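The values are calculated or read from the model by the stated rules, or taken from the named source; none is laboratory data. The structure displayed is predicted, hence computed values, not measured ones. Cβ: placed from backbone, ideal geometry, glycine included. Neighbour counts: every protein chain shown. These accessible areas exclude ligands, DNA and RNA; they are computed on the full protein's heavy atoms, side chains included. Shrake-Rupley method; radii C 1.70, N 1.55, O 1.52, S 1.80 Å.
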Amino acid sequence: MKKKVLIIYTGGTIGMTRTENGYAPQSGQFRLAMKAIPDLYAAQMPQWDMVEMQPLLDSSNMTLHEWNKIAQLIADRYDAYDGFVVLHGTDTMAYTASALSFMLEGLDKPVILTGSQIPMCEIRSDGRDNLITSLLIAGGDKVHEVCLYFGGKLLRGNRATKYSADGLIAFISPNYPHLAEAGITIKYNEAALRQRQQGGLHLQLLENVPIGVLKVFPGIQFELFESIMTEKLRGIVIETFGAGNIPGDGDALLPIIRKAFRNGTVLTVCSQCPQGAVSLGTYETSNALKKAGAVSGLDMTTEAAVAKLYYLFSRGFDKESVKAQMEQDLRGEMTLS
């Protein structure tokens with residue numbers, strides 16, 4: 001019996017058409033474009049259906065509301081399909097992939113996010129291969145997690161980050177191996193894949209918890225950011241230099257962190273370097289963060305750290321529990337030493 005795959009079309013470049021104001025998604029147009037691709041209906045392909053979300057969005061306009069809609073669609077139709085393909089714009093695809101990896105607890109089927117850098121309406125579109133290969137992966141029996149497929153590489157969703165704005169290799173997984181490579185055949189890296197999950201799917205929708213991201217730069221005046229550290233801010237990801245370093249001895253930052261912690265804010269430290277891990281306390285310039293109780297994001301991407309904070313606070317955990325779980329590997333998003 002053929003496997004069944006549900007395509008969830010959210011918008012993004014892959015389905016955009018030319019308009020007088022530039023490329024934009026238009027309802028119904030992508031389904032017409034798919035009819036012009038005979039390979040989608042070949043005998044080797046899984047059976048597929050498509051749901052078009054409304055409104056269709058450029059991914060820069062994606063919010064928690066859309067993440068919840070996508071996750072709810074998957075949960076509602078989980079038993080009816082063997083796999084899922086989410087068509088999505090590239091700008092925030094890694095954020096959505098990370099969020100879905102946490103929201104879909106107990107996932108035991110493939111959820112593959114993909115899109116394109118060139119719309120399907122153009123001759124050289126990379127969308128055809130991305131869509132066809134994603135459908136084959138979603139209709140297979142190798143993958144049991146949220147992934148991102150792009151440019152011949154299958155990546156763990158919460159390990160991916162956007163690398164290029166205009167290259168066809170748009171995403172990389174700097175701290176975790178590829179799950180598969182699509183050449184003449186699709187070659188899976190069996191050792192890198194997550195194991196089957198037991199207990200069935202449980203959906204955790206996300207609440208719109210106030211979370212921020214702060215990128216450290218040379219000469220940063222930390223006191224300028226003190227005003228945002230109110231009791232309303234539940235979590236913040238700070239992108240530091242190297243292995244967790246900040247400018248100076250940290251004296252300017254310490255009072256701000258202490259204020260944030262008094263207000264219940266969880267501060268997670270990630271590195272601006274795509275490859276490598278945060279190691280708080282290794283250098284003197286990261287000691288201020290460690291002493292103040294900041295959480296090490298280890299080798300998590302910023303996208304995964306943000307999604308993880310949303311998830312943990314939406315679970316209703318208190319500050320100390322969130323801090324503890326931010327340093328635990330929940331969905332393959334970080335490497336524990």
Scope the range 195-208; condition at pLDDT 95 or above, surrounded by 15 or more Cβ atoms within 10 Å (Cβ to Cβ) and in contact with a Gly (Cβ under 7 Å, 6 or more places away or on another chain); matching residues:
201
Please name all residue pairs, on different chains or six or more residues apart, with Cβ atoms under 7 Å, provided the first residue is in the range 142-156 and is under 14 Å from residue 191 (Cα atoms) and the second residue is of a type in the set (Phe, Trp, Tyr).
142/188; 155/171; 156/176
By my count, helices (runs of 4 or more DSSP H) wholly in the range 272-332 with at least 3 residues that are open to solvent by 50 Å² or more (accessible area, probe 1.4 Å) are 284-291, 319-326
Output yes when any residue across the range 260-270 is assigned to a loop (DSSP other than H, G, I, E, B) and closer than 24 Å to residue 65 by Cα, and no when none is.
yes
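Among the candidates 132, 118, 112, 137, which residue alone is part of a helix (DSSP H, G or I) and either surrounded by fewer than 22 Cβ atoms within 10 Å (Cβ to Cβ) or out of contact with any Pro (no Cβ under 9 Å at 6 or more places or on another chain) (or both)? Walk me through it before giving the result.
Details: 118 fails: part of a helix (DSSP H, G or I); 112 fails: part of a helix (DSSP H, G or I); 137 fails: either surrounded by fewer than 22 Cβ atoms within 10 Å (Cβ to Cβ) or out of contact with any Pro (no Cβ under 9 Å at 6 or more places or on another chain) (or both).
Of the residues listed, the single one that is part of a helix (DSSP H, G or I) and either surrounded by fewer than 22 Cβ atoms within 10 Å (Cβ to Cβ) or out of contact with any Pro (no Cβ under 9 Å at 6 or more places or on another chain) (or both) is 132.
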Looking at the structure I just gave you, is residue 84 aromatic (Phe, Trp, Tyr), surrounded by 24 or more Cβ atoms within 10 Å (Cβ to Cβ), outside any strand (DSSP E or B) and modelled with pLDDT of 95 or more?
no
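Only one of 323, 308 is charged (D, E, K, R) and more than 20 Å from the chain's Cα centre (by Cα); which?
Answer to the selection: 323.
Take residue 335 and decide whether it is closer than 28 Å to residue 193 by Cβ, open to solvent by less than 30 Å² (accessible area, probe 1.4 Å) and either in contact with an Asp or Glu (Cβ under 6 Å, 6 or more places away or on another chain) or not in a loop (DSSP other than H, G, I, E, B) (or both).
Numbers: closer than 28 Å to residue 193 by Cβ: yes; open to solvent by less than 30 Å² (accessible area, probe 1.4 Å): no; either in contact with an Asp or Glu (Cβ under 6 Å, 6 or more places away or on another chain) or not in a loop (DSSP other than H, G, I, E, B) (or both): yes.
Criteria not met by residue 335.
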Take the residues in the range 9-36 that are at pLDDT 90 or above and in contact with a Lys or Arg (Cβ under 9 Å, 6 or more places away or on another chain); name whichever of them is nearest to residue 130 (Cα to Cα).
9
Select, from 189, 263, the only residue that is exposed (fewer than 15 other Cβ atoms within 10 Å of the Cβ) and either in contact (Cβ under 8 Å) with a residue 60 or more places away in the chain or under 27 Å from the mean Cα position of the chain (by Cα) (or both).
189
Here is a check on your reading of the model: is residue 165 modelled with pLDDT of 95 or more and not basic (Lys, Arg)?
no
